[in-house]
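K.L.:
The structure is given below, and queries will be raised subsequently.
The values are calculated or read from the model by the stated rules, or taken from the named source; none is laboratory data. What you see is a predicted model; the values in this text were computed from it and never measured. Using ideal geometry, Cβ is built from the backbone for each residue, glycine included, and neighbour counts are taken over all protein chains shown. SASA here: full protein model, heavy atoms, side chains in, ligands and nucleic acids out. Shrake-Rupley method; radii C 1.70, N 1.55, O 1.52, S 1.80 Å.
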Amino acid sequence: GIKKPFTEVIKANIGDAHAMGQRPITFLRQVVALCTYPNLLDSPSFPEDAKKRARRILQGCGGNSLGSYSASQGINCIREDVAAYIERRDGGVPADPDNIYLTTGASDGIATILKILVSGGGKSRTGVMIPIPQYPLYSAAISELDAIQVNYYLDEENCWALDVNELRRSLNEAKAYCNPKVLCIINPGNPTGQVQNRKCIEDVIHFAWEEKLFLLADEVYQDNVYSEGCQFHSFKKILYEMGPEYYNNVELASFHSTSKGYMGECGYRGGYMEVINLHPEIKGQLVKLLSVRLCPPVSGQAAMDIVVNPPIPGEESYSQFIKEKESVLNNLAKKAKLTEDMFNKVPGIHCNPLQGAMYAFPRIFIPSKAIEEAKAHKMAPDMFYCMKLLEETGICVVPGSGFGQREGSYHFRMTILPPVEKLKILLEKVKDFHIKFLEKYA
């Protein structure tokens, strides 16, 4: 009942596009609607290309119904569509539907692969190398499996670049207390928004090959690339182009999802992983492990199918689909630039270019008086800052300490998903708050 100095809470803390007002992609919703209620297949309100896809998906379902279980790996025809999509994306690099596993969002796939890779005890316990800052799914899954978290730091001074020397330092130190077996990469980065260049990916693959590490490539933001001169390269494609010595030996699992990109369909929990060079016996165990949860949500599988099999030129839904897709991505690119520019005008805030994904992770200066007060409240300084921001402005962001950061540096993560007008208001409010905060604690 206490009066607040704001009229609404702006939730810039989670990458939930539709909750922030993004409209669903019409074609995706049409196909899922047709699959959910097949009586609509007779309706003239739906385009023929949507009906064609719905019929194909329904034919792959037991009893022609989304309500039946699918195979544990996912519906066959959808896995075929995913493989065809990967081949198109990677310029003809072959993909085998048998290496594709449909998952409950990307998170489920990541947790499953980690489960199969973790073993040993004491110094032989599996170590999992993760970037700092990281997406907290990783630290949570590692902790749940009682594996060992091995941090490597991204280089903030160099636009959050990944440096192989830092990977080597991290790996060598970790060997003293665990058995590092897994290397996780998030590209484009979450929470940091960097897009890795080709040379960087080659270096990482060479490092993984040299050290016999299993690579996890979290590529859920592959459609979200905004900066001039930046381009998404999949780990699978670069691995293939590096030649058979690499391509036949490096174990790689890569992940994609319906939740991000231009779709923003978080609630469907659609995703897939492609796993290559897995030993046949281990692959058998993976399928067994997946069959414990029977199958991923079948409506989510249908949504994933539209992401990998969208309308093509010549189909009646193509022009509307492209218009909607480009509108979302162009809007995000505009908001990425706006956010970076606005933050860098504020004294005591520094924000690297938002090359991709859908977040800003600005560095904030927190005066020593504020750090002391945070300690008195038994809070991390950036948590103290974010709570003050919430109480005074109604803006909800996540403290950098939730993602990991270098000792003595402070950040917060916010999404760039609110509509442009609301985002401008949000950024202005953060600016005014930060200036007042510095004045108060200077």
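K.L.:
Just to be sure I understand the filter: pairs with C-beta atoms under 8 Å, separated by 6 or more residues or on different chains, first member in segment 165-177 and free of Cβ contacts under 8 Å to residues at least 60 places away in the same chain, second member of a type in the set (A, V, I, L, M, F, W, C) and assigned to a helix (DSSP H, G or I). Which pairs pass?
P.N.:
From segment 165-177, the pairs are Leu167/Val204; Leu167/Phe207; Arg168/Phe207.
K.L.:
Still on this model: Please go through segment 102-131 and pick out each residue that is of a type outside the set (Gly, Ala, Ser), under 17 Å from Ala253 (Cβ atoms) and part of a loop (DSSP other than H, G, I, E, B).
P.N.:
Residue satisfying the conditions is Val118 alone.
K.L.:
Something else: Test Ile205 against the criterion of being touching a residue at least 24 places away in the same chain (Cβ under 8 Å), open to solvent by less than 30 Å² (accessible area, probe 1.4 Å), assigned to a helix (DSSP H, G or I) and in contact with a His (Cβ under 9 Å, 6 or more places away or on another chain), and give yes or no.
P.N.:
So Ile205 fails the test.
K.L.:
Of all residues in segment 327-361 being free of Cβ contacts under 8 Å to residues at least 24 places away in the same chain and part of a helix (DSSP H, G or I), which is surrounded by the most Cβ atoms within 10 Å (Cβ to Cβ)?
P.N.:
Looking at the filtered set, the residue picked out is Glu340.
K.L.:
Let me ask something additional. Which pairs have Cβ atoms under 6 Å, sit 6 or more apart or on different chains, and link a residue in segment 98-124 that is more than 17 Å from Gln149 (Cβ to Cβ) to one that is modelled with pLDDT of 90 or more and assigned to a helix (DSSP H, G or I)?
P.N.:
From segment 98-124, the pairs are Ile100/Arg79; Ile100/Val82; Ile100/Ala83; Leu102/Gln301.
K.L.:
Name the residue, out of Tyr101, Tyr177, that is assigned by the TED database to the domain that holds Lys212, aromatic (Phe, Trp, Tyr) and either surrounded by 22 or more Cβ atoms within 10 Å (Cβ to Cβ) or modelled with pLDDT under 90 (or both).
P.N.:
That would be Tyr101, the only listed residue that is assigned by the TED database to the domain that holds Lys212, aromatic (Phe, Trp, Tyr) and either surrounded by 22 or more Cβ atoms within 10 Å (Cβ to Cβ) or modelled with pLDDT under 90 (or both).
K.L.:
A further question on this structure: From (1) in the same structural domain as Glu265 (by the TED database); (2) surrounded by 15 or more Cβ atoms within 10 Å (Cβ to Cβ), pick out the condition that doesn't hold for Gly63.
P.N.:
Exception for Gly63: condition (2).
K.L.:
In segment 5-59, what count of residues is obtained for those that are among the polar types (S, T, N, Q) and under 30 Å from Arg413 (Cβ atoms)?
P.N.:
Residues that pass the stated criteria total 3.
K.L.:
Restricting to segment 233-260, name every residue that is assigned to a loop (DSSP other than H, G, I, E, B) and of a type in the set (A, V, I, L, M).
P.N.:
Matches in segment 233-260: Met242, Val250.
K.L.:
Still on this structure, I have one more. Tally the residues that are touching a Phe, Trp or Tyr at 6+ places or on another chain (Cβ under 6 Å) and not in a loop (DSSP other than H, G, I, E, B), restricting the search to segment 132-176.
P.N.:
Looking only at that region, the number is 5.
K.L.:
A further question follows. Among the residues of segment 362-395, which ones are open to solvent by 10 Å² or more (accessible area, probe 1.4 Å) and more than 29 Å from Lys3 (Cα to Cα)?
P.N.:
Within segment 362-395, Arg363, Phe365, Ser368 qualify.
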